[in-house]
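The values are calculated or read from the model by the stated rules, or taken from the named source; none is laboratory data. Keep in mind that this is a model prediction, so the values were computed, not measured. Because the Cβ atoms are built from the backbone with ideal geometry, glycine has one as well, and the counts that use them run over all protein chains shown.
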Amino acid sequence: MLVGARVRQVRLLRRDVAHSFTCDGSHHRTKRRDLLLGDTIESLTRHGKELTINSGTGPLICVHLGMSGQLWYQPSRLHLQRRDHVHCIWWIDSPTISGRLVFRDPRRFGGLWTFPSTKALHATRWSRLGPDALSIGTQTLRRRLCQTRRPIKAALLDQHVVAGIGNIYADEILFAAQIHPLSISNSISTMDYRTLAHTIHSILRRAIAAGGSTTHDYIDGHGQPGSFAKCHQVYGRPLQPCLRCGQQLQSIKVIQRTTIVCPKCQRIFNGPRVRWPSNNRTGVRTAIDHINKMPAK
DNA sequence: ATGGGATCCTGTGAGC
DNA sequence: TGCTCACAGGATCCCA
């Protein structure tokens, strides 16, 4: 719908959600031109959790939805759906559509970043991201996970390692791959890196096909909730029976993120000897010891 | 190198 | 009914 449409008007209601950069990476006050006023949208791209709206002449907007962000197209014949926490509105027209694109983000963990070119976007922002999760290959994934001894869930959530996996999908992926989230990244077997890569692709594709996971208020570009939460095997099911083996699912914390795990069918890979924490000179503990010391929820 | 805690912010639900 | 508190899809910083 957006590709080929012209941006007739832009209104930025909250300045602090937008960040504008020049070619040399310096920061400046966002102008409506930076938000593509008068431009025609030529294409949309995505890398990990970030998407871009690209004009034909070069400038582009990078959008991150954070935890509560929404990017919502509303036909102009409708009254604006929900005015609260709307931070930016684009009025767009094409031969086939006429309406508004609305950026709404109650918690403001998301935002808009504008760049004069794709090159500037990569130099300032996307070069820091790892390969996209949907297309990462087994060998690349293995190479990147082998560079760290963090718990595998911490590595999967790190956008510099692989881009596009959040808390819900990390839990679903590790359950499907039968790998415990506290497994040491560089300790899982070669076969399991292959399983993990395939599982990442499979879960994300299925989630996208279902329109995403709406657990609270997520909506897609048409204002519709996603239905993948109905398919969650572990996320949102603490203390309920594992759908694979019947064991009660545990809720633990991994890097301060709620993590749901089946203690029976998710194997822990912790290598021969694990130093944990790494700055503990006297104590050498296994990841299992670490779990045993965690408070039960 | 890594985890923990704090921080940014609002909405929701539980418990009292 | 109204109050407080904990927690929620993310990401970054500082400190130990």
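Can you tell me which residue is nearest to DNA strand C (Cβ to nearest atom) among those in segment A:89-109 that are part of a loop (DSSP other than H, G, I, E, B) and either surrounded by fewer than 22 Cβ atoms within 10 Å (Cβ to Cβ) or of a type in the set (A, V, I, L, M, F, W, C) (or both)?
Step by step, filter segment A:89-109, then rank; the result is A:Phe109.
Looking at (1) within 12 Å of DNA strand C (Cβ to nearest atom); (2) crowded, with 19+ Cβ neighbours inside 10 Å; (3) over 27 Å from A:Arg6 (Cβ atoms), can you tell me which one A:Leu129 breaks?
The failed condition is (2).
What do you reckon, is A:His122 in a strand (DSSP E or B), within 16 Å of DNA strand C (Cβ to nearest atom) and not aliphatic (A, V, I, L, M)?
no
Do you know which residues across segment A:203-232 are more than 13 Å from DNA strand C (Cβ to nearest atom) and touching an Asp or Glu at 6+ places or on another chain (Cβ under 9 Å)?
Answer for segment A:203-232, where residues must be more than 13 Å from DNA strand C (Cβ to nearest atom) and touching an Asp or Glu at 6+ places or on another chain (Cβ under 9 Å): A:Ile203, A:Cys231.
For a quick check of your reading of the model, give me the residue pairs whose first member lies in segment A:17-34 and is at pLDDT below 95, whose second is surrounded by 13 or more Cβ atoms within 10 Å (Cβ to Cβ) and not in a strand (DSSP E or B), with beta-carbon atoms closer than 6 Å and at least 6 apart or on different chains.
Pairs found: A:Cys23/A:Pro116; A:Cys23/A:Ala120; A:Gly25/A:Thr124.
Which ones in segment A:226-275 are farther than 15 Å from A:Tyr169 by Cα, small (Gly, Ala, Ser) and in contact with a strand residue (DSSP E or B) (Cβ under 7 Å, 6 or more places away or on another chain)?
Across segment A:226-275, the qualifying residues are A:Ser251, A:Gly271.
Quick one: in segment A:58-70, of everything that is under 24 Å from A:Gly166 (Cα atoms) and surrounded by 20 or more Cβ atoms within 10 Å (Cβ to Cβ), which residue is farthest from DNA strand C (Cβ to nearest atom)?
A:Ile61
Anything in segment A:42-57 that is at pLDDT 95 or above and not hydroxyl-bearing (Ser, Thr, Tyr)? List them, or say none. Talk me through it step by step, then tell me what you get.
Step one: filter segment A:42-57 for residues at pLDDT 95 or above, giving A:42-55.
Listed by number, the residues that qualify are A:Glu42, A:Leu44, A:Arg46, A:His47, A:Gly48, A:Lys49, A:Glu50, A:Leu51, A:Ile53, A:Asn54.
Would you confirm, using the coordinates I've provided, whether A:Asp34 is within 22 Å of A:Gln70 (Cα to Cα) and within 16 Å of DNA strand B (Cβ to nearest atom)?
Considered against the rule, which asks whether it is within 22 Å of A:Gln70 (Cα to Cα) and within 16 Å of DNA strand B (Cβ to nearest atom), A:Asp34 comes out as no.
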